[in-house]
Every structure is written in structure tokens, then in C-alpha cells.
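Read through the structure below, which is laid out as C-alpha cells, and then see the notes.
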Ligand SMILES: [Zn+2]
């Protein structure tokens with residue numbers, strides 16, 4: 001029996017706008033088609049993502065950071081609408097903020113490539129970044145978000161964080177702790193396509209996934225069944241997705 005068999009509501013926790021679609025967009029589309037209510041909680045606004053070169057002649061050089069963040073929020077909202085996953089939720093803002101605390105933002109920690117396909121920590125991540133944040137505060141915020149969304153299951157990265165981005169790895173750790181606190185089971189999306197787990201062939205969801213990816217114009221170019229990232233890396237869309245219960 002599928003790990004999703006008894007789930008009426010599923011909450012996906014991701015680090016940056018576009019991760020929800022790149023890693024789990026087809027999975028969300030499938031679950032929504034099965035009548036499962038899906039929501040996405042995103043930890044940062046992906047402030048340190050790179051802009052696809054040449055696509056935004058109107059991008060202001062002054063106040064670029066504000067423009068970029070507002071644009072990424074809109075892209076996330078558009079992708080979620082496409083997937084049928086409701087409005088975005090951000091960590092640090094109601095309802096994903098611990099009771100009694102003023103809203104805050106967790107910023108993208110950035111990354112650098114350690115080798116091809118494996119990311120490591122950026123050397124200059126700021127004091128407001130997710131990886132610099134007090135884990136207890138972030139876990140309390142996540143617990144509040146999970147409680148508000150009241151999911152039967154939470155889905156997030158495995159401990160490899162997909163390709164090792166420090167924010168993905170941190171989101172895995174924080175979500176695992178928050179799920180334990182709230183008492184909601186957690187599934188992890190498998191980074192290694194040979195890993196043991198429950199694998200779903202989601203090829204029929206390619207058109208939906210492609211349409212959702214198209215919303216992430218600052219980050220991604222869609223080319224058939226491939227996505228091309230802002231840095232030029234090409235990869236096949238995630239149409240086969242494996243999950244397993246977090247141990
Ligand atoms: Zn990411």
C-alpha cells in the first residue's frame with residue numbers, strides 16, 4: 001500500500017522558491033488529482049539565486065534585491081496555483097511563526113559548487129540566513145506551520161538535500177525535528193535514484209510540471225523534458241520520484 005494511501009492533507013517543506021516544483025511538482029500534481037490537499041511551506045525567498053541571463057531587460061539595477069524577491073514570491077505563487085497547492089507559506093511568517101514572536105525572514109544561505117553536482121556552504125552567508133539562524137527558533141516556527149496546516153504527512157528533502165545545498169540539508173534537519181515535536185510522520189524525497197523507497201512514475205504529469213516550471217522565469221528555462229538552470233546546467237525533469245519514511 002502506498003505511503004500516501006491514508007493521507008488527506010500533505011505539507012511540503014522546501015528551502016527556496018522553485019524547489020517545490022523542481023523536486024516535487026509532479027508529485028504534488030498527482031496527489032492533488034487524487035483529491036489530496038497539498039500545501040507548500042518555503043523557508044526562504046531564494047534571495048541568492050542567479051537570474052537567467054538576458055531574460056529581464058526591465059530588471060532594475062537600483063533596488064534589484066527588492067525586485068528579485070518580489071518576483072520570486074510571485075513565481076512561487078504562480079507555480080503553486082498551477083499545481084493546485086494553495087497560497088505560499090513562508091517560514092517566519094504567520095502561521096509558520098512561533099506564537100508571540102514578531103514576523104521575521106530567513107534568508108537564502110547561498111552555496112558554492114564543491115564539485116560537479118554537489119553543493120557546499122557559501123563562505124559569505126549572512127547572519128540572517130537560514131543556516132545561521134538559531135535552530136530552536138526555526139524548529140518552533142516550523143512546528144507552528146505544521147500545526148496550522150494540520151497535514152497527515154510532511155514531505156521534505158532527505159539528508160543529502162537533493163544536491164547538497166546547505167539550506168536543503170538544514171530544512172531536512174529542522175523539519176525532522178519539528179515533525180517529531182508535533183507528532184506528524186515525515187517522508188523524505190530520495191536524492192539517489194537507486195535508493196530503496198516507494199518510487200512513483202509521474203510521466204503523465206509532465207505537462208502540468210512543465211507549466212508550473214514556466215512560472216519560475218528568473219531561475220529556469222523549460223526545454224521539452226529538460227530544465228536548464230540559470231547557471232546553464234541542463235537536467236531532466238523530476239518525473240520519477242522516490243520517497244520513504246524518515247528514520
Ligand atoms: Zn533550493
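By count of other Cβ within 10 Å, fewest leading, how are 203, 21, 42 ordered?
203, 42, 21
Modelled label-to-label distance, residue 105 and residue 193, 7 Å Cα→beta-carbon offset: nm?
3.6 nm
Based on the Cα atoms of region 1-116, what semi-axes does the equivalent ellipsoid have, where each is the square root of 5 times one gyration tensor eigenvalue, given in whole Å with the largest first?
They are 27, 18, 14 Å, listed from largest to smallest.
What length, rounded to one decimal in nm, is gained on full extension from residue 77 through to residue 152, with 0.36 nm per residue of separation minus their alpha-carbon distance?
The residue 77-residue 152 span can extend by a further 24.7 nm.
Starting from the 7 Å offset along Cα-to-Cβ, what nm value, one decimal, do you get for the label separation of residue 50 and residue 2?
3.7 nm
Calculated from DSSP H runs of 4 or more alone, at -39500 (n - 2.57) each and per residue, what is the 222 nm mean residue ellipticity of the chain, nearest 500?
That comes out to -10000 deg cm²/dmol.
I want the antiparallel fraction of DSSP beta bridges within the chain, as a percent rounded to 5.
55 percent
What does the convex hull of the alpha-carbon atoms of region 9-245 project to on average, in nm²?
The number I arrive at for region 9-245 is 12.4 nm².
Rank the residues 163, 157 as a footprinting-exposure proxy: fewest other Cβ atoms within 10 Å of their Cβ go first.
By the 10 Å Cβ count, ascending: 163, 157.
Tell me the label-point distance for the pair residue 244, residue 225, using the 7 Å Cα-to-Cβ offset, in nm and rounded to one decimal.
That separation, rounded to one decimal, is 2.5 nm.
For region 149-247, take the convex hull of the Cα atoms, compute a quarter of its surface area, and give me that in nm², please.
In nm², the orientation-averaged hull projection of region 149-247 is 7.3.
Counting other beta carbons within 10 Å of each Cβ, put 3, 36 in order, fewest first.
The most exposed by this proxy come first: 3, 36.
Calculate, in nm to one decimal, what residue 235 and residue 137 gain on full extension: separation in residues at 0.36 nm each, minus their alpha carbon distance.
31.8 nm
Please give the contour-minus-distance gain from residue 128 to residue 115: 0.36 nm per residue of separation, less the Cα-Cα distance, rounded to one decimal in nm.
2.0 nm
Any read-out appearing in this document is the output of simple, stated calculations on the displayed coordinates, not a laboratory observation. Only a predicted model underlies this, so the values are computations on that prediction, with no experimental measurement involved. Note that we place each Cβ from the backbone using ideal geometry, even for glycine, and neighbour counts take in every protein chain shown.
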